[in-house]
1. Determine the principal axes of the Cα atoms in the range 23-143, then give the extent along each, sorted from largest to smallest and rounded to whole angstroms.
2. Enumerate the calculated ³J(HN,Hα) couplings along the range 119-133 in order (Karplus 6.51 cos²θ - 1.76 cosθ + 1.60, θ = phi - 60°), each rounded to whole Hz, writing x wherever the residue is Gly or Pro.
3. In whole Hz, what ³J(HN,Hα) sequence does the range 102-114 give by Karplus (6.51, -1.76, 1.60; θ = phi - 60°), x for Gly and Pro?
4. So the label point goes 7 Å from the Cα of Met126 along Cα→C-beta, right? Which residues of the range 74-98 then have their backbone N under 17 Å from it?
5. Taking H placed 1.01 Å from N in the peptide plane, check which residues at least 5 places from Trp113 or on another chain put their amide H under 5 Å from its amide H.
6. Taking H as built 1.01 Å from N, whose amide H comes closer than 5 Å to the amide H of Leu99, not counting residues under 5 places away?
7. Please turn the phi angles of the range 77-94 into ³J(HN,Hα) values with the Karplus equation 6.51 cos²θ - 1.76 cosθ + 1.60 (θ = phi - 60°), one per residue in order, whole Hz, x for glycine and proline.
Amino acid sequence: MRGRILLVALAMIFSATCKRTPPPNACLQFSSDLMPDLAGGLIRKDFRIANAWAVKSDQTIDSSGVKFPAYFLSADIVAPSGEAVPGTWVTTEITKPGLIYSVSPQAQKYTTWAKSGDASTAGITMESAGAKESVACVLNGRAAAPQAGVTPKATTP
């Protein structure tokens, strides 16, 4: 009996000291319906966007005095050779069209979306909580079944 009490006491102490820390900001699937919109900002039309994930930010996007929730959105920017580099944007929506700003150097280099850092996105950088986590979601997503890439829609002049 005494052994059981000791065992229960040790189990309680162990469980109290080994509490699991909450997982980092959860990876949210970016709507596949919005992939063509994101890909529409690509500078090179032979590139495509794939494997997009978002992480909710603690920060907001201020559009003309109206504050919107912000999500860091990262996705693979895929060259015709198949080489992929993750780009990161900040957006107001992940299930319907919203504002999009380029955050990472790769997103700024390969897309035409406005750069973060203006009055609407002041303080939002790759160092902000959630930015690097969204890149990790993309890198982890590569190990799983890949999403189909989306190339930009053709436009007629």
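All of the numbers you see were taken from the coordinates with simple rules; none came from a lab. Since the structure is predicted, the reported quantities are computational estimates derived from the model, not experimental observations. All Cβ positions, even for glycine, are placed from backbone atoms using ideal geometry, and neighbour counts span all protein chains on display.
1. Rounded to whole Å, the extents work out to 42, 33, 26 Å.
2. Per residue, the Karplus-derived 3J(HN,Hα) values read 4, 5, 10, 3, x, 8, 9, 5, 8, 5, 4, x, 5, 5, 5 Hz.
3. Couplings: 6, 10, 6, x, 5, 5, 5, 6, 9, 10, 9, 4, 4 Hz.
4. Under cut-off, by backbone N: 74-78, 84-91.
5. Result for Trp113 returns nothing.
6. So Leu99 has HN proximity to Thr92, Glu93.
7. 9, 10, 7, x, 6, x, 5, 10, 10, x, x, 10, 10, 10, 9, 8, 9, 10
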